[in-house]
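Remarks on the structure that follows.
The values are calculated or read from the model by the stated rules, or taken from the named source; none is laboratory data. Here the structure is a predicted model, which is why all the values come from computation and not from measurement. FYI the Cβ positions are ideal-geometry reconstructions off the backbone, even for glycines, and counts take in every protein chain you see.
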């Protein structure tokens, strides 16, 4: 059961990172470096339990490389917004010259809704904020959760090297 909770949480983080990269840097194809911090307003961890370092619950900044293809930009404005794990969808996408807003809804082990707000510049930098509220299935009961993700990205170049584009499963 712990692995399932961890995979759902990691899926949320991967989804948020994909969303962050999705709305970046004037939407140029190539490699982006995304640094994100997740803050839990309502954590699924039991009260008093300390998150181990490196876990999605520790709140420490995480930096990852994300590859965005021209095909993804043409179809979605960036990486496919479907998450790597979990049953989440993006809706009400509103594109602007310097940003985007969208809603997201998740079903399955994590149920809830969120908002995505991103801005980007022609120089290749971007900022994304995601806020989500809902519940997470914890064994036989549902536990309320609420989190906010703040991410900053920088366009690194047109060549992704060994970094593969994010794909939906």
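If I filter region 22-62 down to residues being at pLDDT below 50 and out of contact with any helix residue (DSSP H, G or I) (no Cβ under 8 Å at 6 or more places or on another chain), which single residue comes out as nearest to residue 124 (Cα to Cα)?
First, pick out the residues of region 22-62 that are at pLDDT below 50: 22-25.
Then drop every residue that is not out of contact with any helix residue (DSSP H, G or I) (no Cβ under 8 Å at 6 or more places or on another chain), which leaves 23-25.
Values: 23: 11, 24: 7, 25: 4 Å.
The extreme case among them is 25.
Determine whether region 126-142 contains at least one residue that is outside any strand (DSSP E or B), under 18 Å from residue 31 (Cα atoms) and either modelled with pLDDT under 95 or under 14 Å from the mean Cα position of the chain (by Cα) (or both).
no
So, in region 36-54, how many residues would count as being more than 17 Å from residue 133 (Cβ to Cβ) and surrounded by 15 or more Cβ atoms within 10 Å (Cβ to Cβ)?
Residues of region 36-54 that are more than 17 Å from residue 133 (Cβ to Cβ), as a first pass: 36-37, 46-54.
Pick out the ones that are also surrounded by 15 or more Cβ atoms within 10 Å (Cβ to Cβ) and you get 36.
The total comes to 1.
Please count how many residues of region 107-134 are out of contact with any helix residue (DSSP H, G or I) (no Cβ under 8 Å at 6 or more places or on another chain) and buried (at least 18 other Cβ atoms within 10 Å of the Cβ).
3
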